[in-house]
Amino acid sequence: MEKILVKGGSPLIGEVQVSGAKNAALPILAAGLLATEGTSKFYNVPKLSDIKTISLLFESLGVKVNYKPEENTIEMDARNPLVTEASFEFVSKMRASFLVLGPMLAREGRAKVAMPGGCSIGSRPIDQHLKGFEILGAEVIQDAGFVEARSSKQLEGNTIFFDFPSVGGTQNVIMASCLAKGKTTIVNAAQEPEIEDMINFLIKMGAKISGKGTSVLEIEGVEKLVGAEYTIMSDRVEAATYMIAAAATRGDVLVKGAPYKDNVALVSKMREMGVEIEVFEDAMRVRNNLETLKPVDVKTLPHPGFLTDMQSIMCVLTLLGNGTSTITETVFENRFMHVEELRRMNAKIRIEGRSSLIEGPAHLEGTTVRATDLRSGAALIIAGLMAKGSTKIIDIYHIDRGYVDIEEKMRKLGADVRRIEE
Ligand code: UD1
């Protein structure tokens, strides 16, 4: 089993280049399924296991995929009719596989996708996606282990109101409505930059979408979409991870491929704590030489609020706070799994309802901890960098789903982070 071993104590110093965004790449690749003419080529595609999974899923749907991880490119030819069933094998690995529902339904009039098992779906329903498809005229059937959407005729534009601005729901419904008859209006749409990136690609393919970056989107259906070339935006969560790692280790790091506009909430909160952040055109320099920082209160919200994916990483920075910080999670029900692991490292954190209360400044001690999900895995690496002694992180396959070459990137900044086989 592969593990990551972190030895704490060194400040991170230097420059790091952020990779392409997983959460933009996955929906953009799904949008590529809509191209019945021409082929698509994507640049700045991150070298990640989730991208491999979606490539294999696409191949199972009859799409020709040429993924070159070392070159960060994917070429896709989706011109043949799509197989309309996505099997459990892929969906169970990655929830974002649901993003094929919208394009398959729009193109083929049918889409059947396996449900990932267990509690993950319990706490992350897809009712808003399905409601959207129904309003566009599809019939939706949910049965043991799968969900199917069908429409005997072309989907028809309509108005869809989301009860909650779901990121995946917005993306799925945009994709479904691009080939629908007439105009679709999505009200209370999610506004995340990754959605804007997907819309930019769809527009390059010939889609007619207005309202980008706002909560009301209008999509005028077109007859067909044509493959296009597109460069994926850089990963704002990866950028946040190195920014926080720099501050947490009292370092000085220039994070390149990190536009300020995508991380305004994070920068504001870090500055509130006393971290120095200098903004450049496509980069940010993060410096901290303070022993302790000011405590802070953070609440996760849909964009432009504080991103839930950065919550566990931010929690680690608040361990330097000189007093009690609170982090309130409003987007997901249960996203405090990192807390138990941080406690094992001597952090004083308690959970009250949807908030975690963090007592700083902490004196972390290295031990063996478990990456319970992708972002908590990154949070534990940063905690390891702050801790006395060595921290061993297990279940690191979560980290590989979303971080390109994390040990190498950390090592280049002077951190002692290694992958070991045990
Ligand atoms: C995406 C991101 C994920 C991020 C999340 C919120 C990808 C691949 N993943 O996930 O990293 O944490 O946005 O920024 O881009 N919900 C419903 N009904 C639905 C859909 C969602 O109740 O039909 C609820 C979910 O249970 C959750 C909340 O809405 O509590 C947010 O989910 P959503 O915005 O859909 O997130 P994802 O698209 O799954």
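The values are calculated or read from the model by the stated rules, or taken from the named source; none is laboratory data. Bear in mind the structure is a predicted one, so any value in this text is a computation, not a measurement. Because the Cβ atoms are built from the backbone with ideal geometry, glycine has one as well, and the counts that use them run over all protein chains shown. To get the accessible areas, we keep the full protein, side chains included, count just its heavy atoms, and leave off ligands, DNA and RNA. Shrake-Rupley method; radii C 1.70, N 1.55, O 1.52, S 1.80 Å.
Please report the antiparallel percentage of the DSSP beta bridges confined to the chain, to the nearest 5. Provide the component values of the computation, followed by the final result.
Details: 56 of 81 bridges.
Beta bridges within the chain, antiparallel portion: roughly 70 percent.
Rounded to the nearest 5, what % of DSSP beta bridges with both residues in the stretch 281-422 are antiparallel? Each step should come with its number before you reach the end.
Working: 10 of 19 bridges.
In the stretch 281-422, DSSP labels about 55 percent of beta bridges as antiparallel.
For the stretch 208-255, which whole-number percentage of the solvent-accessible area (1.4 Å probe, protein heavy atoms only) is attributable to carbon and sulfur atoms?
On the way: 720 of 1580 Å².
Here carbon and sulfur together make up 46 percent of the probe-accessible area.
Report the full-extension gain for the segment Asp405 to Thr368: residue separation times 0.36 nm, less the Cα-Cα distance, to one decimal in nm.
11.2 nm
Might you tell me the accessible area per residue for the stretch 312-362, computed with a 1.4 Å probe and given in Å²? Working shown, then result.
Numbers: 2040 Å² over 51 residues.
For the stretch 312-362, the per-residue accessible area is 40 Å².
Ignoring ligands, DNA and RNA, what percent of the accessible area of the stretch 370-417 is carbon or sulfur (1.4 Å)? Working shown, then result.
Values: 720 of 1500 Å².
Solvent-exposed carbon and sulfur of the stretch 370-417 make up 48 percent of the total.
Helix 264-273: angle to the longest alpha-carbon principal axis of the chain, degrees 0 to 90, nearest 10?
That works out to roughly 10 degrees.
On average over all directions, what projected area in square nanometres does the stretch 22-231 have, based on the convex hull of its Cα atoms? Could you put the intermediate results ahead of the total?
Values: hull surface 39.2 nm².
Computing the convex hull of the Cα atoms and averaging its projections yields 9.8 nm².
With every protein chain kept in place and ligands, DNA and RNA left out, what is the accessible area per residue of the stretch 1-132? Probe 1.4 Å, answer in Å².
Numbers: 4980 Å² over 132 residues.
I get 38 Å² per residue for the stretch 1-132.
Could you work out how far apart the two model spin labels at Val216 and Lys3 are, taking each label as a point 7 Å from the Cα in the direction of the beta carbon, and quote it in nm?
Taking the two extended label points, one gets 5.6 nm.
Place +1 on the Cβ of every Lys and Arg and -1 on the Cβ of every Asp and Glu in the stretch 53-110, take the dipole about the Cα centre, and give the residue among Ser87, Leu61, Gly109 whose Cα lies farthest towards its positive end.
Of the candidates, Gly109 comes out farthest on the positive side.
Lysines within cross-link reach of Lys112: Cα-Cα under 23 Å, excluding same-chain residues under 8 positions apart?
Here the lysines satisfying the reach criterion relative to Lys112 are Lys52, Lys64, Lys93, Lys131, Lys153, Lys181, Lys224.
Please work out the average accessible area per residue across the stretch 367-422, using the 1.4 Å probe convention, and give it in Å². It would help to have the intermediate numbers written out before the result.
On the way: 2050 Å² over 56 residues.
Dividing the accessible area of the stretch 367-422 by its residue count gives 37 Å².
Hey, what does the equivalent ellipsoid look like for the chain, semi-axes from the Cα gyration tensor as sqrt of 5 times each eigenvalue, largest first, whole Å? Could the numbers behind the result be given before it?
On the way: eigenvalues 290, 90, 83 Å².
Each semi-axis is the square root of five times an eigenvalue, giving 38, 21, 20 Å.
Let me spell out the model: positive unit charges on the Cβ of Lys and Arg, negative unit charges on the Cβ of Asp and Glu, origin at the Cα centre of the chain. What dipole size does that give, in debye rounded to 20? Mind showing how you got there, number by number?
Working: 50 positive and 55 negative charges, 68 e Å.
Here the size comes out at about 320 debye.
For labels at Phe332 and Glu421 in the simple 7 Å Cα→Cβ model, what's the distance in nm?
Placing both labels 7 Å beyond Cα along the Cβ direction yields 3.1 nm.
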